[in-house]
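So the structure is just underneath, and the comments pick up after that.
The values are calculated or read from the model by the stated rules, or taken from the named source; none is laboratory data. Just so it is clear, the structure is predicted and the values come from calculations on it, not from any experiment. Here Cβ is always computed from backbone atoms with ideal geometry, including for glycine, and neighbour counts include all displayed protein chains.
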Amino acid sequence: MEFAQELENIRHELTFSEQDFHTLVEAYDVRDKEREELIVASRSVIKLAKQLIYALHRSDLEKAEQLVEELKSSSLAVLALPVGARSAAVQEAIEALAFYYYRKNFSLVTYACANEFFSCTDEDYLLGLADFGGELVREATNAAIASNVSGVMRAKVFVEELYKNFIRFDFRNSELRKKTDALRWHTQKIDELLVAMKR
């Protein structure tokens, strides 16, 4: 038997359902489209959070109030996101809300309040707060540039309180451990700003 004929005979013996693959391709395409829509929703929340932070650094409280309302209304889109995509958006939103509460009331956004917005996990809340520490360094730097010692001191006190409470946890070798270490660095950075201002 020739090679080509034997190959053709083997092909006829094969039981292979192309319909299964057709069904799988259709299902995959539907999930992929849904995933893309969720990523767009996640990006829109992250974008709003970044705009809120930017408005707060510029002391544009009117714009900040508007963005907080938009962030609240976007919470339903975030709740529909799968956990991974959702966490990134929620953490960014919590960072922005924390900065908003700091600027508006010199207070920390509570877990209950953050949970009302986004039904967040405790880890998302803590990661968002840890990232907020970086915004406080930027806030302190802007205050130092304006020779506002009180503004730098307010940021210092707030970061120290965050750090003091974060070290109560035993995070081990997790993302939260790294961010706790970053909070310690943030306190040192603000201390350096204050020392430089005293000169």
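Here's a check for you: in the range 107-146, which residue that is in contact (Cβ under 8 Å) with a residue 40 or more places away in the chain and among the β-branched types (V, I, T) is surrounded by the fewest Cβ atoms within 10 Å (Cβ to Cβ)?
T141
Which members of the range 5-27 meet the condition of being of a type in the set (A, V, I, L, M, F, W, C) and part of a helix (DSSP H, G or I)?
L7, I10, F21, L24, V25, A27
Scanning for something part of a loop (DSSP other than H, G, I, E, B) and over 21 Å from L56 (Cα atoms), does the range 109-119 turn up at least one residue?
Yes, some residue in the range 109-119 is part of a loop (DSSP other than H, G, I, E, B) and over 21 Å from L56 (Cα atoms).
Look at A55 and say whether it is at pLDDT below 80, under 30 Å from Y102 (Cα atoms) and either in contact with a helix residue (DSSP H, G or I) (Cβ under 7 Å, 6 or more places away or on another chain) or not small (G, A, S) (or both).
So A55 fails the test.
Taking the condition outside the structural domain of E92 (by TED's automatic domain parsing) and within 22 Å of the chain's Cα centre (by Cα), does T187 pass?
yes
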